1. Using 0.36 nm per residue of separation minus the Cα-Cα distance, give me the extension gain between S226 and Y325 in nm, one decimal.
2. When the chain is treated as a GNM, springs tying every alpha-carbon pair under 10 Å, which of H272, H113, H153 comes out with the largest mean-square fluctuation?
3. Under 1.5 on a/c is rounded, so check that first for segment 137-298, then, if it is not, pick prolate when a/b is larger than b/c and oblate when it is not; a ≥ b ≥ c are the square roots of the alpha carbon gyration tensor eigenvalues.
4. Where both residues lie in the chain, what percent of DSSP beta bridges are antiparallel, nearest 5?
5. Classify segment 168-230 as rounded, prolate or oblate from the Cα gyration tensor: take a ≥ b ≥ c as the square roots of its eigenvalues, call it rounded if a/c is under 1.5, otherwise prolate when a/b beats b/c and oblate if not.
6. For K220, go through the lysines and keep the ones whose alpha-carbon is under 18 Å away, minus same-chain ones fewer than eight residues off.
7. Mean-square fluctuation check for the chain, GNM, Cα pairs under 10 Å: which of S56, S114, S84 is largest?
8. Going toward the positive end of the dipole of the chain, with +1 on Lys and Arg Cβ and -1 on Asp and Glu Cβ, which of L24, T35, Q139 do you reach last?
Amino acid sequence: MMTFQGNHILSVSQLDRESITRILDVSAKMVPYSTRQKRCYVLEGAILSSLFFEPSTRTRISFGTAFNLLGGFVRETVGEENSSLSKGESLFDTAQVISGYSDIIAMRHPKMHSVAEFAQGSSVPVINGGDGANEHPTQALLDLFTIQSEMQHFGKNLDNLNITLMGDLKHGRTVHSLSKLLSLYKNMSITMVSPDALRMPDSVLSILDDAGHKIIQTDKLEGNLSSDVVYQTRIQQERFASSGEADLYRGHFSLNKQVYQDYCKKNTVIMHPLPRDSRPEANELDNDLNDLQHLAIFRQAQNGVLVRMALFALALGVENKLTDYEKPITWHTTK
Ligand code: NCD
């Protein structure tokens, strides 16, 4: 099992099944705080530096919310143009300085492996919030937490699942990290639906293959959605040489109620890391799915708070002290 306390979380490759179980178990303990039944102040006085050098809504806000829900403070910088990286400072130097101001750091950056490079200069744990097309470990963990909790309703666990990954599998870091995590479970059948030019990289395929899982690669949605989970993704326009090139692939796999009825199973769970591209030319997940009980996308995003709380607690060594630092909620809440 991975030692969490004091360590960076840069890649899902650091994790074995036991470590993942630990993270998911600690995540479940965070429910009373995220649903405002109680407050927890176990990280009172601690400082998270949240450095987002690439666009983000839910990852950035949920990292901050997670830290606040454990009683900590959040310092934030957004956009490379607003930081000294734009003055030519190295990631190493930025890390040396910011880690002196903080107890832990969450970081997103457009370049592959940049967060690991940054971590070499940091004296405090660094959590990867996405490094270019490479990895997005916290997303994959919240995806796994979501798959586990959605499958529980059908008496299933994380083994023996059929999962369809769909969209831009070449550039999508969430599906790279998620596939690596799924490889650790038993008897998986993974169907990868993408345009031919946007197939899953061989480096990720070989991990699933070496683990003995069944992989189907196809450019057709028809006949490939009768899985336990269909995980839709966005064409990652920011990773293409030009927006014209990204336009070629938008809207190939639009999923709406009719497609769901025609090709999914009765209880197929629909996931998406979000943001879903809702422009008419893309319409990855149509709004007519919004009232579908098995559309898990907003539960999935909410689970991000739980998983990020768990990672902070584990990295700062307070995961067994939560209940010693609780207070009642004093304000009106609708949760
Ligand atoms: C994803 C990302 O940034 O990789 N978003 C997220 O963190 N939930 C997916 C995407 O942007 O398409």
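The values are calculated or read from the model by the stated rules, or taken from the named source; none is laboratory data. Small disclaimer: the values here were computed from a predicted structure and weren't measured. As a convention, Cβ positions derive from the backbone with ideal geometry for all residues, glycine included, and neighbour counts pool all protein chains shown. Heavy atoms of the whole protein, side chains included, go into the accessibility calculation; ligands, DNA and RNA do not. Shrake-Rupley method; radii C 1.70, N 1.55, O 1.52, S 1.80 Å.
1. Stretched fully, the S226-Y325 segment lengthens by 31.1 nm.
2. Taking springs between Cα atoms under 10 Å, the residue moving most is H153.
3. Details: a/c = 1.61, a/b = 1.13, b/c = 1.42.
In terms of gyration-tensor shape, oblate.
4. On the way: 4 of 39 bridges.
Around 10 percent of the beta bridges assigned by DSSP in the chain are antiparallel ones.
5. Numbers: a/c = 1.69, a/b = 1.16, b/c = 1.45.
Oblate is the answer for segment 168-230, as a/c is 1.5 or above yet b/c matches or exceeds a/b.
6. K170, K257, K265
7. Looking only at S56, S114, S84, the largest GNM fluctuation is found for S84.
8. My answer, from the dipole projection, is T35.
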